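Below is one structure, written out as structure tokens; comments come after it.
The values are calculated or read from the model by the stated rules, or taken from the named source; none is laboratory data. Computed from a prediction, not measured in an experiment: that's the story for all the values here. When we count neighbours, we look across all protein chains shown, and the Cβ atoms used for this are built from the backbone with ideal geometry, even at glycine.
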Amino acid sequence: MKKVRLGIIGCGSMSRYHGKVYTTQVDEAEIVALCDTNQGNLDRYQREIFEPIKQKPPAFASYEDMLDKVKLDAVFIVTPHAHHFQQVMDSLDAGCQVFVEKPMVMTSDHARKIIMHAAKKKRIVSVAFPGTFTPEFQYIHGLQERGVLGEMVTADGFVAQAWKQGTKGTWRQEPELAGGGMTFDTGAHVFNALLYLANSRPVEVFAWTNNRGAPVDITCSASIRYENGAVGTALINGDAMSGWDEGVRVSFTKGEVQTGIHGGRLQYWGADRKLIKYPPVPAVPTLQQWFIDCVLGKAEDPAPAIWGLRQALFYEALYESARTGRAAKVRPE
């Protein structure tokens, strides 16, 4: 395979960011088709991404039409959350490797079906969690795998964003399309960080949410208990006045780490309790390059569909707790 022929399903602002990276930084990939139900999104994608490089891939209003008419090796799905499941399943049926934006799906049942279908088709389904594909997350994960950090003691994460105002009038505040509010959307990065950087499975969660007059949840506070007895918290604020802020801190019996929900910075306290600020970490490919490397068989996927299932199971417990006012068990995989 000389170049991975990539189709884009969903051409909004986040998709255009990824498209810019694919067309300027990933030599082994070529975007050969675009799909969006909004003609304005398609026009802007062509104008911003492809006019500068004097290309114009075919554009489709229907992803089924694109899958049927264009020979593709892989697709990148950047659409409203409710659409992910069917688009992933249909793309697998078309023989494509799949990269899908977070959250992968809205239910654990759908996550299990995707995992089974991908295995049957012998195809990759990778979830585009930015943090997972960062040097910082991979460095911490490597410390865990080597037993350097010991057992987890606490795990805390937070994010604050003017999400309520920024998403007003968009699909992100439509429950049927979004599946949840700030907790389910930007909050997915916090919970992915906690699940990925912990070395113990979450087993119980007690959560409170508040819609603050919106159709979906805007704020959330969650207390989490893990299988090994560790505890932690998550605070999601989608009505922040101060703009963007976030972070993750995980304590272990032999060390402690602090990073961002998208990586990008790192502090590491070793067993001697001394702080190493910004320890040297090995470079890793961008998430866009890493997926292409996985398609080409040159790398292992750090964010396979099992992580989509783990997050779906966690969300089901979180929203059950918020609804009932009681702690809820996280079902096992």
*Looking only at residues in the range 157-173 that are out of contact with any strand residue (DSSP E or B) (no Cβ under 8 Å at 6 or more places or on another chain) and in a loop (DSSP other than H, G, I, E, B), which one is surrounded by the fewest Cβ atoms within 10 Å (Cβ to Cβ)?*
GLY169
*the range 192-221, residues that are touching a helix residue (DSSP H, G or I) at 6+ places or on another chain (Cβ under 7 Å) and of a type in the set (D, E, K, R)*: ARG212
_The lone exception for ARG146 - which of (1) under 17 Å from LYS102 (Cβ atoms); (2) out of contact with any strand residue (DSSP E or B) (no Cβ under 6 Å at 6 or more places or on another chain); (3) not small (Gly, Ala, Ser) it fails_ = (1)
*Of all residues in the range 65-120, which are closer than 19 Å to GLY12 by Cα and of a type in the set (Ser, Thr, Tyr)?*
THR79
*Single residue of the range 174-184 satisfying the filter (free of Cβ contacts under 8 Å to residues at least 60 places away in the same chain and surrounded by 22 or more Cβ atoms within 10 Å (Cβ to Cβ)) that is nearest to PRO130 (Cα to Cα)*: MET182
*Sort through GLY260, GLY243 and tell me the only one that's modelled with pLDDT under 95 and not hydroxyl-bearing (Ser, Thr, Tyr).*
GLY243
*Criterion: at pLDDT 95 or above and not hydrophobic (A, V, I, L, M, F, W, C) - qualifying residue of GLY213, GLY270*: GLY213
*asked:* Contact list please: Cβ distance under 7 Å, first residue in the range 17-28 and within 14 Å of LEU287 (Cα to Cα), second residue part of a loop (DSSP other than H, G, I, E, B), pairs at least six apart or on different chains.
replied: HIS18/VAL78; VAL21/THR286; GLN25/THR286; GLU28/LYS3; GLU28/LEU296
_Name the residue that is farthest from the chain's Cα centre (by Cα), counting only residues in the range 39-80 that are among the hydroxyl-bearing types (Ser, Thr, Tyr) and in a loop (DSSP other than H, G, I, E, B)._
SER62
*Can you name every residue in the range 125-156 that is on the phi > 0 side of the Ramachandran plot and either assigned to a helix (DSSP H, G or I) or out of contact with any Gly (no Cβ under 8 Å at 6 or more places or on another chain) (or both)?*
GLY147
*If you go through the range 292-333 one residue at a time, how many are more than 15 Å from GLY179 (Cβ to Cβ), more than 13 Å from the chain's Cα centre (by Cα) and among the aromatic types (Phe, Trp, Tyr)?*
0
*Do we find a residue being buried (at least 23 other Cβ atoms within 10 Å of the Cβ), more than 19 Å from ALA322 (Cα to Cα) and under 16 Å from the mean Cα position of the chain (by Cα) anywhere in the range 235-254?*
yes
*Is it the case that THR183 is part of a loop (DSSP other than H, G, I, E, B) and either closer than 25 Å to GLY264 by Cα or of a type in the set (A, V, I, L, M, F, W, C) (or both)?*
yes
*Residues located in the range 1-17, provided they are part of a helix (DSSP H, G or I), surrounded by fewer than 22 Cβ atoms within 10 Å (Cβ to Cβ) and in contact with an Asp or Glu (Cβ under 9 Å, 6 or more places away or on another chain)*: MET14, ARG16
*Of all residues in the range 87-113, count the ones that are among the hydroxyl-bearing types (Ser, Thr, Tyr) and surrounded by 19 or more Cβ atoms within 10 Å (Cβ to Cβ).*
2
*Just for the range 198-218: of the residues that are small (Gly, Ala, Ser) and farther than 20 Å from GLU176 by Cβ, which one is surrounded by the fewest Cβ atoms within 10 Å (Cβ to Cβ)?*
SER200
_Matching entry among ALA207, ALA193, ALA188 (being touching a residue at least 40 places away in the same chain (Cβ under 8 Å) and either over 17 Å from VAL127 (Cβ atoms) or assigned to a loop (DSSP other than H, G, I, E, B) (or both))_ = ALA207
